[in-house]
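Q: My structure is below; once you've seen it, I'll send some questions.
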């Protein structure tokens, strides 16, 4: 389901990694997304409750707008995109699918 | 809002209490200017809201009492069923069909030409775009409510 990259190994601060973990829960391909207590604690160790809540609500709009762009065909689908039109097969396989 | 005026006990409001600007965005911006106003009828968008609540297993905060818009308890109770069997006019069933394409559980969601023509028979392009944009916010918000653990159910 996820891209074949590991942001834990990337040039990100712990604060940024906590936000990217939130994004992984919010992404539309993760149907079981739920922020765990540990993930929420990680966010709150770097951000105020107000900032963490704002980040989550921002990701809500981004996720919903992404879905809108796909349904209305307003975005170019990259080869890496797992979201396809009806009847199409994704060409990309994430590391979790291997 | 179209609601009865009774306070909304949705846990979103407790969670967001320290971010009143975000509550304002939902209650005083999105809801009155997009969800309740705009080009497409508020009743249609409220039917859509009810279906997206059913499909995503959440309840949205602060979007009002559907009965104010003439939606009967029977219609509300049936809203999760197959769209084409719902006792609603085609103009409303077409919007709900678009809602099914927008649902986050539908990974192949797509407005094809047939669905677009069903919608275009009743709405202009501005209204169709507005309906899609409204659903973008509702679907994203449903995801947020689930991830944050405040489904309101």
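Residues checked against (1) modelled with pLDDT of 90 or more; (2) crowded, with 17+ Cβ neighbours inside 10 Å; (3) within 12 Å of chain B (Cβ to nearest Cβ):
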| site | (1), (2), (3) |
| --- | --- |
| A:14 | yes, no, no |
| A:22 | yes, yes, yes |
| A:59 | yes, yes, yes |
| A:70 | yes, yes, yes |
| A:74 | yes, no, yes |
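Q: Give just the number: which of (1) more than 11 Å from every other protein chain (Cβ to nearest Cβ); (2) at pLDDT below 95 does residue B:106 not satisfy?
A: Looking at each condition in turn, residue B:106 falls short on (1).
Q: Among the residues of segment A:3-40, which ones are outside any helix (DSSP H, G or I) and closer than 16 Å to residue A:60 by Cα? Before the answer, list the steps.
A: Filtering segment A:3-40 down to residues outside any helix (DSSP H, G or I) leaves A:3-6, A:10-13, A:27-36.
Scanning segment A:3-40 gives A:27, A:28, A:29, A:30, A:31, A:32, A:33, A:34, A:35.
Q: From B:37, B:77, which residue is in a loop (DSSP other than H, G, I, E, B), more than 17 Å from residue B:141 (Cβ to Cβ), free of Cβ contacts under 8 Å to residues at least 24 places away in the same chain and out of contact with any strand residue (DSSP E or B) (no Cβ under 8 Å at 6 or more places or on another chain)? Walk me through how you get there before you give the answer.
A: Numbers: B:77 fails: in a loop (DSSP other than H, G, I, E, B).
Result of the check over B:37, B:77: B:37.
Q: Related question: Give me the helices (runs of 4 or more DSSP H) completely within segment B:87-153, filtered to those with at least 3 residues that are under 14 Å from the mean Cα position of the chain (by Cα) and surrounded by 17 or more Cβ atoms within 10 Å (Cβ to Cβ), ordered by residue number. Let's see the steps before the verdict.
A: On the way: elements: B:90-102, B:113-120, B:125-148.
By residue number, B:90-102, B:125-148.
Q: Further, regarding this structure: Tell me which of these residue B:15 doesn't satisfy, since it passes every other one: (1) surrounded by fewer than 17 Cβ atoms within 10 Å (Cβ to Cβ); (2) touching a residue at least 12 places away in the same chain (Cβ under 8 Å).
A: Failed condition: (1).
Q: Same structure again: Inside segment A:63-91, can you point out the residues that are free of Cβ contacts under 8 Å to residues at least 12 places away in the same chain, touching a helix residue (DSSP H, G or I) at 6+ places or on another chain (Cβ under 7 Å) and not in a loop (DSSP other than H, G, I, E, B)?
A: Matches in segment A:63-91: A:64, A:65, A:68, A:71.
Q: Then there is this: Would you check which residues across segment A:38-48 are exposed (fewer than 15 other Cβ atoms within 10 Å of the Cβ) and facing chain B (nearest Cβ under 10 Å) and list them?
A: The initial filter retains those residues of segment A:38-48 that are exposed (fewer than 15 other Cβ atoms within 10 Å of the Cβ), namely A:38, A:41, A:44-45, A:48.
Within segment A:38-48, just A:48 meets the criteria.
The values are calculated or read from the model by the stated rules, or taken from the named source; none is laboratory data. Just so you know, these numbers come straight off a predicted model, no measurement behind them. Every residue, glycine as well, gets a Cβ built from its backbone with ideal geometry; the counts of neighbours run over all protein chains shown.
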